[in-house]
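Working notes for the structure below.
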Amino acid sequence: MKLKYFITFLWILVISTLPAQADFARGVVIRDQQIEDVFGKLMDPVIQAAGYPKDAVRLYVIIDPELNAFAQIGGQIFFHSGLILQSTVEEFLGVAAHELGHVVGNHVSRTVGIGGKVMTRSLVLSAVGGALMALAGSGEAAMGAVTLGMHVGERSFLNYSRGQEGSADLAAVKFLKTAGYPTWGLKKFLGKMEKKTYLSSSMQDPYMRSHPLDHVRMQALVRHTPADQPEVNAVLREGYEWVQLKIRAFVEPPAKLLRTYRDLKNPQHLMVQAIALHRKGQLGDAVSRLDQLLLMRPKDPYMWELKGQVHGESGQWTQARKAYETMRTIGLRTPLNDVMYATALEKTGKTPKEFEEAVTLVQAALSKDPMIGGGWRLLAILHGKLDQKGEMALALAEQALARGDAKQASFQATKAQKFLKKNSPSWIRAEDILSLGKKSP
Ligand SMILES: [Zn+2]
């Protein structure tokens, strides 16, 4: 953990504590393995074409109907859900490659943080403490959501200059070509934006304000978009379709979704219906749709995950655990999924062995992916159940640190040291947190 985590003090992620079936609030960042896997498969060749290892760049979705996308130089790219819902896979790839162009070009000079402070160094998206998944009671959204403490798109990230826009476009075209993708998506997306430039600025999408568009840019893109273009393959295209439908199912009014997606022989419609019914609190109907869907796709781990989520958010942790166990048997064992399964272990476990297994899973998950909402809190609860007071306080210190709460982090680290063996790895970690606390603003 470095000092930069404290710089993100200004960039606090507040964990959303959504009750069961709550709709996602605007500004929430969602985590979902299916979405992240599809984005990964789509973007890996583009990221590699840009000369980065594939894990160096990650894409996240923010719930927001306005069209926008932006990058942090740390390598995170954020998409508004509205942009995904309104873009084809080719347009999505074009915009993503363009954002990657900003990452590669280090386009950050005018990045302004909260409170108007210019941030000259990387804003690392802070790891999130607090909990969605680990909250007591029924409110457990497994489509882990973290709320950004502000409306991110416009205020914290910068307006790029026209020169930076042109260079990001050219980079995007180069990456897409190398990756074997069509390049016309970016041009088409910007063409749609261009039509809106005639609207009053309040009606324009934030993307237009952050990524200024002009004729020179469009002409350059036209020149770089040959008529003969490769196609995005059918598997990737279908994956993107599932992502669009999943997001749609979580953000649009359930009644409208139930009217629109009515074909009970179509697995995608069944998924949309299950999510809509779950949001309406109709657990029995939601589960019956999922069971129908799973008869058609028994090896689809994401749908088992969804079943676990629906049960867990409804407080049925025994059934949730069973669904997660099937998901794991099929092979979905990512840090995000491990934390979900560990949550079910915490809720249903009766023996120390189960809690210890959960601790191991959560620790490993957080070391690989610190951006899992609720991870540290879950760890603290598990250590509490195992009567490990020092480790529990240390987990709470990590949670506070991730939130940017230096005072609370120091308080918990001091408490942890009272229980931990001097010079043990955990004690040393608590010492590190204390010294970070002293350096923080
Ligand atoms: Zn741009």
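We did not get these values from a lab; they are worked out from the coordinates using the rules stated. Source: prediction; values computed, not measured. Here Cβ is always computed from backbone atoms with ideal geometry, including for glycine, and neighbour counts include all displayed protein chains.
With Rh defined as the Kirkwood radius, the inverse of the mean 1/r over Cα pairs, the Rg/Rh of segment 253-310 is 0.93. Length gained on full extension, Leu295 to Val222: 21.6 nm, using 0.36 nm per residue less the C-alpha separation.
Cross-link pairs exceeding 22 Å in C-alpha to C-alpha distance, out of Lys350/Lys418; Lys322/Lys350; Lys322/Lys353; Lys265/Lys322, comprise Lys350/Lys418; Lys265/Lys322.
Residues Arg333, Arg58, ranked from the fewest to the most other C-beta atoms within 10 Å, line up as Arg333, Arg58. Applying both filters, DSSP loop and at most 16 other Cβ atoms within 10 Å, to the chymotrypsin sites (Phe, Trp or Tyr not before Pro) of segment 278-352 eliminates every site.
Averaging the Cα positions of each part gives two centres, and for segment 324-376 and segment 232-308 these lie 24 Å apart. Relative contact order of segment 253-310, please, whole-number percent, based on alpha carbon pairs below 8 angstrom and at least 6 residues apart. Once normalised by length, the contact order is 28 percent. Dimensions of segment 192-300 along the principal axes, based on C-alpha atoms and rounded to the nearest Å, stand at 56, 37, 20, largest first.
Packing, as the average of other Cβ atoms within 10 Å across residues, places the peptides 249-258, 420-429 in the order 249-258, 420-429, highest first.
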